[in-house]
Structure formats: C-alpha cells, structure tokens
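Laboratory data are not the source of any read-out in this text; all were calculated from the coordinates shown. Nothing here was measured: the structure is a model prediction, and the numbers come from that model. When we count neighbours, we look across all protein chains shown, and the Cβ atoms used for this are built from the backbone with ideal geometry, even at glycine.
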Amino acid sequence: MIDLDTIDFKKMGFLAGLEVHHQIDTKRKLFCNCVPKLSDGEPDYLFERYFRPVLGEMGDFDAGMLIEFEKGYRVIYHAYEDSVCIYEQDEQPPFWPDNEAIYKGYELAHWLNFSAMVDEIVVSRKQYLDGSITTGFQRTMIIARDGWIPVNNKKIRISNLTVEEDAARKIKTENYGRTVYYNLDRLGIPLVEVITDHRDCDDPEDLRRTAEYIGLALRLSKIGKRGIGVVRQDVNLSITGGDRVELKGVQDLDMFDQMCRREVARQDMLIKIAGLLKERSLTKDELEHTYIDLTENFDVTKVPKNFIIMGIRLPKFGGIFKLEIQPGKDFGQDIIEKTELISGIPRQFLFQSDEMDANSFRRKTINDSQNNFFFEQMTTDIDKKIRKILNLKKDEAYFIALGPQKWVIHAMKKIIERCKMALDGVPQETRRLTLDGNSEFLRVIHGKDRLYPDTDTPPIDMDMVKIQQLKENVGIRPWEIYEELNKKYGFDYYQVVKLIRHELVDNITKLINEHRVDPQRGYDFYEKTLVALRREGLDPSVITFEQIIEILKGAHEGFYDFNQIPNITRVLLKQPTKKFKQVLTDLKIKAITDAELLRYYNEALNEVKAKFETEKLEKNELTNKITGNIMRRIKGSLSGKKVFDFVLMKMGGK
C-alpha cells in the first residue's frame with residue numbers, strides 16, 4: 001500500500017515546471033476574422049478528416065506524432081457559421097495575425113519581468129495529430145524569453161512566452177475511441193502560453209504559487225479572458241533517476257499536492273521495477289514478438305463474431321504486473337491503459353496473468369470489473385492451458401487480448417514495447433489525470449521534430465518603441481500586492497489571493513485606511529458574510545460600497561454587535577433601497593443609553609446570582625456570564641466588547 005503522506009520531495013529530487021495556457025480577450029480570432037466565441041446547439045454543417053505525420057524542420061518524424069498516427073483516428077467536426085469560416089476548415093491560408101493579441105502578449109511579458117522581447121516574430125507550426133486542429137498543426141509565435149517571478153524567496157524562471165491559436169473542443173468519441181468528434185468554435189481563439197523552467201520548483205507549494213501568480217497577473221492586467229475553460233495548465237515533473245513527464249489539463253490548483261505525490265510515487269515505483277527486472281537478468285531481446293492464437297481455449301460462443309483472442313509470453317515478469325504504482329492501481333493496469341488508447345482494444349478485453357488473483361486491483365474496482373470478458377471467462381484450468389501453450393516458467397507472465405485480429409496484433413506489439421521500456425525505468429510521456437487523482441498515458445512527449453516554420457506567413461517586424469511603451473500599463477503585480485497586504489494588515493497568502501481574484505483589493509484598503517475598519521473584519525464581511533448570503537440565493541452585487549461602510553462602521557463604533565452584520569446585510573440585499581435606520585428599526589436594534597445599560601446590568605447580575613453561587617465563580621467566568629445575559633436582553637444593540645468592558649468596570653476590573 002503506497003503511503004503518499006510520507007513522500008519527501010527534497011529527498012526524491014522532485015523538480016517541476018508549468019505550461020499555463022490562457023485565452024486572450026480580443027475582438028477576433030488569431031488568424032481569421034471570426035468572432036472568438038463558443039457556439040452550441042445543432043451544427044450548421046459537419047465534415048471529417050484523417051491525419052498523417054510530416055517531416056520536421058530537420059527532416060525527421062517526431063516520435064510522438066508517429067504514435068498519434070498509429071491510433072488511426074477518424075475525426076468528425078461540428079461547424080457553426082457564426083464562429084467558423086473556411087480557415088478553420090483548412091480550406092484557405094491564414095489571415096494576417098491579430099495585432100491586438102500579439103501586443104497583449106508583449107504586455108503580459110512586461111508583467112512577468114521578461115528581459116528579451118522578440119523584435120521579429122516568426123510563425124511556426126507545431127504538429128498535432130489528435131484531430132483537435134484541422135490543419136494537423138498549431139500556429140504559434142514566440143513573443144519573449146527570459147522572464148521570472150518571485151515565489152517563496154526563490155526566483156522562478158520563465159523560459160518562453162508564446163501567442164498561439166487554441167484547439168477545437170472535443171465533444172465525444174465512438175467506435176472504441178477511434179472516431180472523435182470536435183466542435184470548431186474554439187479553434188483559432190488567441191491563446192498565451194507561459195512556460196516556466198522545470199528545474200526551479202522543488203515542491204508542490206512552489207508550483208501552486210507559481211501557477212497562481214501567473215493567473216493573477218493575467219487577471220490584474222485584464223489581458224486574459226474570464227470564464228470556465230479559458231485557462232488550462234500542464235505540469236512537467238520528474239524525480240532523481242526518473243524522467244520528465246507532462247500531466248495535461250490540470251484545472252484545480254487544490255489538486256497540485258496530491259497530483260505531484262501520486263506521480264512521484266509512480267516514478268519511484270517504475271524505477272524500482274526496472275531494478276527488479278535487472279536483478280532477474282532480463283534483457284530486451286528476451287521479449288519476443290511472438291503472438292499465439294488462444295481463441296479455442298475459451299467458450300467460442302461468448303467470443304464476438306470476427307474477434308480472436310491472442311496471447312504473449314513475458315519472461316521474468318511474474319508478479320511484476322501486480323505491483324502498485326499509484327494508489328489503487330498496479331503496473332499491469334498502466335500498460336493496459338496505454339494499449340487501449342493506441343490500439344483501440346478496450347480495457348475490458350485485456351488481461352494479464354497476475355489478475356488471476358481475486359484481490360487484484362482491477363477485480364476490486366467496479367468500473368473495471370463490470371463487463372470484463374476475461375474476469376468472467378478465466379478459470380484456473382484455462383490459466384493452466386495458456387501457461388502450457390505459451391511454455392511459461394514459474395517466474396513468467398502473460399498478456400491476452402480480445403478483438404479484431406488487426407487490433408489485437410497491434411495491442412500485442414504495444415504491450416511488448418511497453419515491457420521493454422520497463423527496463424529503462426520512467427518513459428518520457430504525456431499523461432492525463434483521471435478522476436481519482438491518478439494519471440494514464442495520453443501520448444509520447446513531443447520533441448523538436450514536431451516544430452517547423454510556417455510558410456504561409458512571412459516574418460513580422462515589431463514596433464519595439466510601442467512594445468516598450470506597453471510597460472507603462474503594468475500595475476502592482478500580485479506578489480507585490482501580497483507583500484504589502486501581508487506586512488501592513490496581516491493578511492495571509494490565501495486571503496490575498498481571494499481578494500485579488502474577487503477584485504476587492506481597492507475596496508478592502510479603502511475600508512482600512514479611510515474608514516478605520518479592522519482588516520480581518522473587512523475581509524470576513526466580503527469573503528464570509530457575502531459568500532454565505534450568496535448561498536442563500538441573494539445577490540451581493542446589489543449592495544453599494546457606501547452601505548458596506550455604514551454596516552461595518554456601526555459595528556466598529558459599538559452601536560451593535562458584529563453578530564448583527566449578517567442580519568443587517570441580508571435585509572439590505574433583499575431591499576437595497578431601504579434606509580439604514582429603518583433596517584435597524586425593523587431588526588429591533590436600537591441605541592442603548594448608559595442608564596439602560598446599567599439597568600440591564602443589574603437585572604443580569606441578579607439573575608446570575610439566583611442561578612449560581614457567585615462567590616465560587618472566578619471573576620472572568622462571572623463577567624462572561626453577566627455579559628452573555630445582557631447581550632441576550634439587548635439583542636445585539638451594542639457590541640459585545642462594549643458590554644464586556646462595561647461589566648468589567650462595574651465589577652471593579654478597571
């Protein structure tokens with residue numbers, strides 16, 4: 001059982017970096033004049049594509065592109081006339097790139113301390129064969145290099161800032177994932193990509209704060225779009241002895257710690273598996289591409305028409321596939337997930353010998369155990385037959401697959417290739433997060449061969465004077481805001497992040513500096529009181545800043561208790577035009593004179609004496625009981641502190 005809580009990131013040599021993708025708020029798409037908006041409903045028309053790799057600039061195929069080509073996707077596109085033109089269909093060359101998007105990229109570079117601004121932009125092509133871009137490549141432009149941001153007293157370097165076109169939105173898949181549907185509305189929306197140096201973050205907290213600072217800079221600068229789906233983050237991480245792995249589409253910053261722990265555990269276990277296989281003296285040459293037809297050993301009436309079952313012998317892998325590499329997931333499942341994605345054979349039609357154990361992870365997982373052909377068909381007798389046919393020895397294992405012959409042979413090939421990789425430890429690959437926080441194979445990490453110059457757009461000379469003038473638009477950066485609010489008012493990091501995200505920094509500083517509101521009281525009003533009332537279905541936006549001042553000042557000056565603030569605010573949200581004094585009257589909150597307070601004190605003292613042996617009570621305890629009694633009587637018409645001080649004075653505690 002993997003214990004994620006015991007992971008020591010420093011000891012494991014953890015290093016990580018980010019690729020932050022954020023849509024830019026512009027009037028048009030990057031390479032055409034279509035409106036950058038999303039469309040829903042029935043599409044106006046559909047068309048389809050198949051993709052193949054092309055040679056990179058140096059005359060080589062990118063390994064990742066070859067793997068994508070193996071998947072053999074048929075891609076069907078949904079197109080809408082109000083957000084798509086023939087450029088998105090790849091039926092015409094690109095328009096001139098959108099200057100607004102490009103200059104906003106330069107402005108963001110100033111926010112992030114970039115020192116090397118590109119004076120001549122070269123549009124490049126970055127291959128994508130998953131169908132998300134109709135051309136088979138993404139047009140991208142490097143805007144600036146060598147930036148940095150301060151995080152936890154460290155200087156986190158940012159290597160590149162690029163402006164590029166966003167990809168299409170995936171809708172669904174069919175035919176075991178071989179047919180993919182995309183919506184073209186998002187394709188071509190301008191996107192900024194910020195790439196940090198993966199050697200600078202050595203713990204998940206640094207990584208999270210780096211992502212937050214970049215996101216907050218985009219918010220403060222008003223360069224980025226707002227809304228669901230406008231930002232995506234990829235995380236690159238590795239450990240000592242492992243290799244760089246890219247985790248795609250990490251949306252929730254709260255997931256960063258668990259995600260990093262699970263990937264560190266996976267890489268650590270893959271390194272240990274490589275060590276175990278070397279101890280068994282396994283060589284790659286022993287893993288042969290010999291596939292045996294095993295169909296006749298099963299109940300052929302249960303085998304779908306035109307499907308076969310094939311198996312392969314895996315020497316010295318006995319017991320290896322059942323080793324846990326992430327919580328609730330073994331090495332065999334990791335291989336199955338990759339094989340499924342590339343070959344098209346669904347995971348319920350794949351099986352490995354360690355799964356004869358009833359306690360294997362997939363057998364215990366409902367989603368994996370339901371409708372699994374082999375879990376229903378495999379018996380001890382069939383297992384023995386397979387071992388005999390494959391000529392297995394004691395420490396050897398096998399894999400079997402069910403499907404069309406072409407697909408099954410492809411699956412066998414991928415399983416052998418992955419088992420050979422096991423001797424090398426951690427393969428470089430791109431992975432996607434699963435719902436349980438683990439990850440699964442998505443594609444091989446792309447190399448330099450996927451990138452080559454775009455021949456449709458000439459190099460673009462940039463106005464360096466204008467670019468330098470954009471620096472004047474840079475305001476107070478998020479890390480500077482945190483430092484100021486923390487030192488002056490004691491706000492912690494997470495409080496400052498919320499204030500920036502909710503655009504409340506100016507309001508909170510005005511309340512504190514101009515109206516003498518306690519910092520934490522002001523923060524609690526915005527981030528607790530208003531949030532709670534929003535959950536009740538009320539709209540906090542209807543309350544004015546002047547009303548907020550009046551509410552908080554009344555409590556601070558002791559006219560009523562702070563506990564009355566939610567009640568007063570609730571009334572004002574329901575009836576924004578109601579006069580403040582009328583609200584207090586409706587809530588029976590009234591001014592208490594000193595004479596009335598003295599009367600309440602005497603009544604409370606007599607009641608407390610009647611209930612308790614006051615001579616046995618400590619002074620603080622007696623004071624608290626009398627104060628509480630008075631507060632119940634006056635129903636929040638005075639602050640608790642004011643009443644407490646009065647009681648303390650009357651009891652001789654002045």
Derived scalar couplings ³J(HN,Hα) [the stretch 91-101; Karplus, 6.51 cos²θ - 1.76 cosθ + 1.60; whole Hz; x for Gly, Pro]: 10, 8, x, x, 6, 5, x, 6, 5, 4, 5
Residues Arg125, Arg169 arranged by fewest to most Cβ contacts within 10 Å: Arg169, Arg125
Determine the sum of side-chain charges near Ile228: Lys and Arg each +1, Asp and Glu each -1, restricted to other residues whose C-beta is under 13 angstrom from that of Ile228. +4
What residues qualify as long-range amide H neighbours of Leu504, i.e. H under 5 Å apart, gap of 5 or more or another chain, H built at 1.01 Å from N? none
Among Tyr482, Tyr50, which comes first, second and so on when ranked by fewest other beta-carbon atoms within 10 Å? Tyr50, Tyr482
Restricted to the chain, the DSSP antiparallel beta bridge percent, nearest 5, is 90
Semi-axes of the equivalent ellipsoid for the chain, Cα gyration tensor, largest first, Å: 58, 36, 24
Around Asp257, what is the net charge, scoring Lys/Arg as +1 and Asp/Glu as -1 over all other residues with Cβ under 13 Å from its Cβ? -3
Taking R0 as 35 Å, what's the FRET efficiency between Asp463 and Asp243 from their Cβ-Cβ distance, rounded to 0.05? 0.25
Skipping prolines and chain starts, which residues have an amide H placed within reach, meaning under 5 Å, of the one on Cys34, given they are 5 or more residues away or on another chain? Lys29
Determine ³J(HN,Hα), in whole Hz, for all residues of the stretch 414-421 in sequence, where each value follows from phi through the Karplus function 6.51 cos²θ - 1.76 cosθ + 1.60 and θ = phi - 60°; x replaces Gly and Pro. 5, 5, 4, 4, 5, 5, 5, 4
Students often get this wrong, so check it: of Lys466/Lys510; Lys154/Lys471; Lys278/Lys329; Lys126/Lys278; Lys329/Lys394, which have C-alpha atoms separated by over 29 Å? Lys466/Lys510; Lys126/Lys278
Amide H partners (placed H, <5 Å) of Ala16, local residues excluded: Asp200, Cys201
Expressed in nm to one decimal, what extension gain is obtained for the pair Asn359 and Leu46 from 0.36 nm per residue of sequence separation less their Cα-Cα distance? 108.0 nm
Using Cβ contacts closer than 10 Å as the measure, can you line up Thr379, Thr140, Thr301, Thr134 from fewest to most? Thr301, Thr379, Thr140, Thr134
For the stretch 519-592, take every pair of Cα atoms, bin their distances at 10 Å starting from 0, and report each bin as a whole percent. 19, 59, 22, 1
Under the 7 Å Cα-to-Cβ spin-label approximation, Val35 and Ser541 lie apart by a distance in nanometres of 2.0
Under a crude label model (7 Å from the Cα following the beta-carbon direction), how far is Lys619 from Arg501 in nanometres? 4.7
What is the stretch 277-426 by shape, rounded, prolate or oblate, if you read a ≥ b ≥ c off the alpha carbon gyration tensor as root eigenvalues and call it rounded for a/c under 1.5, prolate for a/b larger than b/c, and oblate otherwise? rounded
In order through the stretch 322-338: 3J(HN,Hα) via Karplus (6.51 cos²θ - 1.76 cosθ + 1.60), integer Hz, x for Gly, Pro: 8, 5, 6, 10, 9, x, x, 9, 9, 5, x, 5, 4, 5, 4, 4, 5
